[in-house]
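A.B. asks: Before I ask anything, let me first share the structure, which is written out below as structure tokens.
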Amino acid sequence: MSFVRCLECPRCHSTYTATEIHNLCQCGSPLLVRYDLERLGQAVKKEDLKSRRADLWRYWEFLPLRGRTGKTGNKGINVEIVK
């Protein structure tokens, strides 16, 4: 489950859906990820993060992904990117 609400331009405040791939705003500025912090705070606790492996997947709820599938490690990582 992704907690990404939208992508937002810090310069002109345009917003973009997180279900489509965007690189830059139409004004040329990089986009910021905006999260549903209330839902995220209810779903993920500090204790949860501390008990996880010390790699990128410790924070997978913060990534703009639909879900985490497959195994991590030397065999690679399989994820479904939000589209």
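The values are calculated or read from the model by the stated rules, or taken from the named source; none is laboratory data. What you see is a predicted model, and the numbers here were worked out from it, not measured in a lab. Neighbour counts run over all protein chains shown; Cβ positions are idealised from the backbone, glycine included.
A.B. asks: Do any residues in segment 42-65 that are without any contact (Cβ under 8 Å) to a residue 60 or more places away in the chain have Cβ atoms under 7 Å from those of residues that are in a loop (DSSP other than H, G, I, E, B) and among the polar types (S, T, N, Q), where the two are at least six apart or on different chains, and which pairs are they?
C.D. replies: Filtered contacts from segment 42-65: D55/T72; W57/T72.
A.B. asks: Another question, then. Could you please give the count of residues in segment 25-39 that are under 16 Å from S2 (Cα atoms) and either modelled with pLDDT under 90 or assigned to a strand (DSSP E or B) (or both)?
C.D. replies: Number satisfying all stated conditions: 4.
A.B. asks: Output the number of the condition that T19 fails; it satisfies all remaining conditions of (1) in contact with a Cys (Cβ under 9 Å, 6 or more places away or on another chain); (2) at pLDDT below 90; (3) not hydrophobic (A, V, I, L, M, F, W, C).
C.D. replies: Exception for T19: condition (1).
A.B. asks: Moving on to the next point. Any idea how many residues of segment 1-14 are loosely packed, with under 14 Cβ neighbours inside 10 Å and either part of a strand (DSSP E or B) or within 16 Å of the chain's Cα centre (by Cα) (or both)?
C.D. replies: 1
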